[in-house]
Amino acid sequence: MVTIIKNQLLKHLSRYTKNLSPEQISLSALRGSGELQDLTLDEDLLTDLLELPGWVRLTSARCNRASFRIQWTKLKTVPIVLNLDEVHIALEVCTEPRVMNPGSAGAMPIPGKYSYIHKVIDGISVAVNQVQIEFKCDAFTSSVQISRVTVESRTPEGRKGDLRLTRIKSPDTGQLLIFKELEWQSARIEAKAHGVAAANLPPLRLLLGNTHCRIVIKKRLSDCAVLGSRLVLRPEPLAWALTDGQLRAALACAAALAGPVRRATEQATRTKAAHKIEEPLDQIHSRPTSGDKDILARMFAKHDVRETSYHLLAPRIDLHLCDDPGLGRSEMPQLANGGALQVTLVSMQADLFPYHKASNDRRHWRGYREAATPHSQWLSQALSSFCTTLLETLDPRPMTPSAKTSQSERGDEPVGNGVPPRAPAAPAAPAPPTPTAAQASAASPTRTRILQQLGKLMTTCLILRIDDFTVYKVSTGSKSREAPRPLVSAEKATLPGDAGLLHAELTFFYYPGDVCFPVPSPKLYVQLSPVRVSVDVPSLLWLAAFLPHVGAAVTDHAPADDSAAYIDVRTEAIMPKIVLEAGPEHVSQQRDRPKELHICTARATFTNVRESPRANTAGTRADLASIIAAIRRTTVHRGQFPCSSDDIDPLHEQFLLHADNLDDVERGAGAAAERTWRESRRVWCARVEPLWADFCGARATACKPSPLLDATPLTAWVCFEEGFSRIWVIGRTCGLSGIQLNHYQLLFLLRQMERISELTAWLAHQASRMPEADQGSLVVGLVVPAVEVTLVLPTNCPGQESSRDLDSVPLDSSSLNDMKLGSDATMAPSMLDRDSGVLATQGTIEVCTAQPLPADEIQPPSPGLNFSGFSSMRRGLTSLVTSLDSALTRDDARSDAASTASSDSERYVVVGLAAESPDDADVAFREFEHGRLSSGVEVASEVVERSSSPSDHSITSSCKRRDMISTCTLRLNNIYLVQQSANAKSCMRFVADDLKTDECSSIPWDEFQNKFSMRARAWSEPATGDDDLRPRETPRVAARLLRTELPRAVNEMGEPVGLAPYEEILEARIRELSIALNMSTALALSEFIEDEVVIPPMPLEVLIENVKLHLVEDRPTRSISSPPPQPLDLDLTTLRLNRDTSGVVHLGPTVSSRTVSPSSPPPELQMAMEEIQRLNEENEDLRKRLATLNRIAEDNRDLRAKVEEASALRQCVHAAQRDAARLLADKHELLEAVRLLQEQLSGPCRGKR
């Protein structure tokens, strides 16, 4: 008996093993146990049977001992247990996708109806003591050692139990759900990169602890086919310490795998998607009336796998990044001995949906809030635009007036994620090209086929969500044991309890099967919730040295084709905050000295996708064209001060071409997948809506924010060249930019500028250390319509403390008559709006901006705080806590019914599943999200506690200051600022049209703050005429700051050490100004600019021409009998002011080149020569533009010729289609005539018979 069973086992197992003999098998049939020794498996057959990915091949597989145990009398309830001792597997990477072996088809199981034997096989439990996997590739070798691996059947709740409770059968669809759990105790991963570039890289070692993997498999009962699966991997909290060498090794290994994996995955995904599209839907439309079947149907629907998906749920990941000696370590003295950076990720969830149909919704995706995130809307709009563009490109048709009207009215409406929804007949077209009923019947066959193919569009979507993350400041080997302080952290108090910090989506498009048809370009959407970023010089320098050194491993293996780099990117940050902290120089006795500077915005976006031309917002090509026109109006002629002949023009040629839509990418005329990827992605748009800055931490304001910059919208356009080494940026602000500053805030800014100067010097030094470092450049051009800088000074009029005159601080003398409070064109969020958390942006949102405070210092609310937001938040959080409590304490009384049912009946399965399954679907997701919600409730409770604390009081009392101040406001118009850095030189150029002053001798501090926030609303930009489009004449205020890097000092060995010294010089020219000041203000300004430290003087040269200064003596006289003071008028016709490096100031006439002498030409001739030089430069510029226009005209002619040729070909195709249709009709007529003739001929013949 045993011999017969052995022979049968040997017969079946010999197909999967090599050299298997009866001596290797020991068997006990009655006890249901057996053991196999030294198994060597057939690697070629197993490669196909296991359906391994096409980029990997199994080269060896062996097991030293395998044992099994079968309980013959309990096969329904107890699984077969298979125990493996040690399993050794060897894999290798295939450079090209692997082709399935034809000989393995005979070993495949024959499909049949799901039966009892399939239940037994699906319920087998496997336990492996140790798994050793060797992985070989041309670029690296790796090994994975996994211990204590178990694969068991579980109930839907993840518990061990009866095998009948590990399956759910649908009574309606003929489908089955099987629940499994894979678990391993520990895993050790080692990898070593090969090659010349990786010769010095250390091996990579990673450790994984206990890990659970929940698997749900969906099968069809008619043929046992697998319809889908859901895999949820949940490791325990991870802690990894990696050096830059290990990270480079990991990136090199990943880059080596990227090509084979991408090619094999694309092929496999298309093939599997084609099978999923062709699968029949065995739906039973009539619902049964049985109660048991109804329960099973509900249970099946709750746990159903609607599409295949893979999920990673990581509760916590701690990364400790360390630098190695070399180029990856900064030479800053504080970082010379190395440093470490800690990154903590909390509740990270990664989801992969490889076979999602583009026309379907995402409501069944676990934790995906389709209505609450803008990602779905952006994707829908992009797909609608793609459908319209594709139809117009492949099948253009003349539009009737009614159709044009319909298209213009519905051109921007997304329809079902942008792809027409499924219908019983052919798929409908998207909204823009939808024809009328009469036109639909006459639709061309080409258009119908296009719409049918668009209905098959599939997507592969990767989603990354992080609930919280923190990047700590770099720690060095110093003896100080201070707790690490965050460099980047989340502001959880501003978020609801269930809101995540980061949401990113990467979407790829394809068609099932081997179909070559245009698809939308890949799309990456990233949304970042409120974060706080601290500016720490050592940490930024550490990152600047660490990241480029690590990233070099990626750039060396980056794909060379353009299609891989073409991607639509849109990132959005909600309420980010950049914090500049005071250093050790902070003096606590100075009441007005701030501790921090917060640079904030309500929303910041960065994208390379253009907005719709019909959208009257920033981000369109028309907006770029308006910024280019504004720069041309405000810039000065090349060669005229402050410009020089070697300056770089901020207007890159790419900006000009992009604004005129002349930079499209040529993709050919075929039906390739990338045909519609024509729009250039080299130009990026950054929008900040709006931008403001506040000082915080001053005792004089009770640690409440004090504004530095009032809310100002900012739009910038960025162009990259040669990777990221050469960058051009142009930007413009909208409306009036208000700035206020007192003496101690100025001191704070001076110290921060010193730190930023140190940071830029070290960054330039580190860039020069990189091998083959390219001399990059950065050019930034910014246009500001108007700026009002208010200097807050101590008052000299104590007798006016009770003054509440509304005109004590003029709002804006140029626009008082045109004040339009609440105007949509000039409205900007005021200080009260910011403090209340209500953001006046395009999409109205309400966010609570409360900040966590120490337990021993509860501060009063900020000025203008709106407590209605706290009340609504408290009500929402209360309901959230109530719902959580009810969910956690749900009654489970139905479990008592499980023990009363018979174990042999189907009722046992129904009652058992209903008893142990709560309302939520998957236990892995439920446990993961429960941890997120519990942490969110804790944060929210602090906010509720604080909002209802007795220390809260009214808006007026919270920001009241009794001290009086005086102000001096400097008003500048049409400002153009350019900053460029290239070739070890940096230059800043500044020009403005006018300079006006306003003064207020005495005003309460709180009243001044209220008026300061109203200036932007009252200001309106003057209309631009035709004369304003010409370049500006000589500006009235111009300045140029030049910084030149000098050679570095050398040591005794002749090696350069330390930072390179530099020299600076400031040149300024002021002309045609009339300024009036009080004498007390002039003296207060001299004290205002006084610094607290002595620094080396900066050389400067100031040229003053035709400047009139009117000084009014407003100070009280010392003697009663003295006559009233008279104003002092100074008329400076020409004055030159020089200061050398020693600090000596020289006053004198203009430079010698401008003085009339026998050897120099007269001033008239000098001016004429300068004018001729300017005209020559303008002519040269015009010649360049003419050459560019000629080249564009030639391209346009070629494009027109191609369009005409395509139109002619299209007409020929339509004519051929008509001829074919006519010939087909003639064919049908001839066939009908032949049939009639045959019938006529066959009739007499039958009669004769």
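The values are calculated or read from the model by the stated rules, or taken from the named source; none is laboratory data. Just so it is clear, the structure is predicted and the values come from calculations on it, not from any experiment. Neighbour counts run over all protein chains shown; Cβ positions are idealised from the backbone, glycine included. To get the accessible areas, we keep the full protein, side chains included, count just its heavy atoms, and leave off ligands, DNA and RNA. Shrake-Rupley method; radii C 1.70, N 1.55, O 1.52, S 1.80 Å.
Structural remarks
- Net length gained if the chain between residue 298 and residue 1128 were fully extended (0.36 nm per residue, minus Cα distance): 289.6 nm
- For a straight C-alpha distance cut-off of 17 angstrom, the lysines reachable from residue 192 (same-chain residues fewer than eight places away being disregarded) are 136.
- A crude spin-label estimate for the pair residue 116 and residue 1071, with each label 7 Å from Cα along the Cβ direction, gives 10.5 nm.
- On the beta carbon distance between residue 1170 and residue 310, with R0 = 60 Å, the FRET formula returns roughly 0.30.
- Potential extension, residue 64-residue 16 segment - 0.36 nm per residue separation minus Cα distance: 15.7 nm
- The protection proxy used here, the mean number of other Cβ atoms lying within 10 Å of each residue, ranks peptides 636-642, 518-524 as follows, highest first: 518-524, 636-642.
- Accessible area (Å², 1.4 Å probe, nearest 10) - residue 575: 30 Å²
- The calculated FRET efficiency for residue 82 paired with residue 318, based on their beta-carbon distance and R0 = 51 Å, is about 0.90.
- Pairwise label distance in nanometres, residue 702 with residue 1241, each label 7 Å out on the Cα-Cβ vector: 11.0 nm
- Charge tally for residue 355 (other residues, Cβ to Cβ under 9 Å; Lys, Arg +1; Asp, Glu -1): +2.
- For the pair residue 1201 and residue 1108, label points projected 7 Å from Cα toward Cβ lie 6.5 nm apart.
- Taking a straight line from the alpha carbon of residue 523, these lysines sit under 17 Å away, with near neighbours fewer than eight places off in the same chain left out: 357.
- Cut-off 14 Å between beta-carbons: net charge of the residues surrounding residue 48, Lys and Arg +1, Asp and Glu -1: -1
- Extension gain (nm, one decimal) between residue 1225 and residue 589, 0.36 nm per residue minus Cα-Cα: 219.1 nm
- Other residues lying with their Cβ under 14 Å from the Cβ of residue 269 contribute a combined charge of +3, Lys and Arg counting +1, Asp and Glu -1.
- Long pairs among 11/113; 272/302; 76/293, criterion Cα-Cα beyond 27 Å: none
- For the range 505-557: rounded, prolate or oblate by the Cα gyration tensor [a/c cutoff 1.5]: oblate
- Modelled FRET efficiency - R0 60 Å, residue 754 with residue 143, Cβ distances, 0.05 increments: 0.70
- Exposure of residue 467 as accessible area (Å², to 10), given a probe of 1.4 Å and all protein chains: 10 Å²
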